[in-house]
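Below you'll find the structure, written out as structure tokens, and then a few comments.
The values are calculated or read from the model by the stated rules, or taken from the named source; none is laboratory data. The model shown is predicted, which means the values in this text are computed figures rather than measured ones. Cβ sites come from the backbone with ideal geometry, for glycine too, and all protein chains shown count toward neighbours. Just the protein is used for accessible areas: all its heavy atoms, side chains included, with ligands, DNA and RNA removed. Shrake-Rupley method; radii C 1.70, N 1.55, O 1.52, S 1.80 Å.
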Amino acid sequence: MAEPLWWDPPERPIEKSREGNWTMARLPYLDRSDLLPEHQDLLARNLNLYRVLAHSPRAARSLNTLARFIRDGSRLDPRLRELAILQVAYLTRSAWGFSHHVRIGREVGVSDDDIRAIADETGGRPTELEPAARAVLRAAREMTTDLAVSDETFSALRQEIDNERLTDLIVTIAFYNGLVRVLETMQVDVEDDYLPYLDEFPLPKV
């Protein structure tokens, strides 16, 4: 028997983006007032992804547990972590994921040249990235498009990072491959504050 809903889905106006386009995720964006008191902490940050995931608080908490480990618990170099995440978002054209991780990436040492290099590496053009960064980007592309990292790329990664960090990298790439599919299926909108990052670093056209 299905659990009863603790709230009635509210009637919400469709929101308007900076460009004037009317946008709306496939499920209503929840606010703290829509949730039971014990779940309101899920919306401590008023981001659209969290507002959609809050429809299932237990799922939201489970995803947040792994996301927090990736961000705060992993020993993987944060810059390499963010390059991997940006590569996944770039390949999958996930506007929400890409825009948010441009901001996060800059906070942990990802340069604008690094971000631009993702497009060049994806297109097979030479870049000035160091071998570790190139191997990380290649691994993210292979897992995203071919399911698994090739033997050649895995060997290259092992020359650059230890087994713990390599495992964390693979978990990170896998997690964000899953998350971008949640974002795109739920049609989560990019918040206005993050739209300038997409102007600065456009995603490839379909």
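Quick one: count up the residues across the stretch 178-193 that are surrounded by fewer than 19 Cβ atoms within 10 Å (Cβ to Cβ), not small (Gly, Ala, Ser) and not in a loop (DSSP other than H, G, I, E, B).
Residues meeting the conditions: 7.
What tally of residues in the stretch 47-63 results from selecting those that are in contact (Cβ under 8 Å) with a residue 12 or more places away in the chain and not in a helix (DSSP H, G or I)?
Within the stretch 47-63, residues that are in contact (Cβ under 8 Å) with a residue 12 or more places away in the chain and not in a helix (DSSP H, G or I) number 3.
Please work out if Glu164 is without any contact (Cβ under 8 Å) to a residue 12 or more places away in the chain, of a type in the set (D, E, K, R) and surrounded by fewer than 18 Cβ atoms within 10 Å (Cβ to Cβ).
No.
In a helix (DSSP H, G or I), open to solvent by 10 Å² or more (accessible area, probe 1.4 Å) and touching a Gly at 6+ places or on another chain (Cβ under 6 Å) - does that describe any residue in the stretch 68-89?
yes
For (1) hydrophobic (A, V, I, L, M, F, W, C); (2) touching an Asp or Glu at 6+ places or on another chain (Cβ under 9 Å), each residue gets a yes or a no:
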{"position": "Ser99", "(1), (2)": "no, yes"}
{"position": "Arg116", "(1), (2)": "no, no"}
{"position": "Glu121", "(1), (2)": "no, no"}
{"position": "Thr127", "(1), (2)": "no, yes"}
{"position": "Ala132", "(1), (2)": "yes, yes"}
{"position": "Thr144", "(1), (2)": "no, no"}
{"position": "Ser150", "(1), (2)": "no, yes"}
{"position": "Thr153", "(1), (2)": "no, yes"}
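Go through the stretch 48-66 residue by residue and tally those that are open to solvent by less than 20 Å² (accessible area, probe 1.4 Å) and under 25 Å from Gly109 (Cα atoms).
1
Quick check on Pro204: is it in contact (Cβ under 8 Å) with a residue 12 or more places away in the chain and part of a loop (DSSP other than H, G, I, E, B)?
yes
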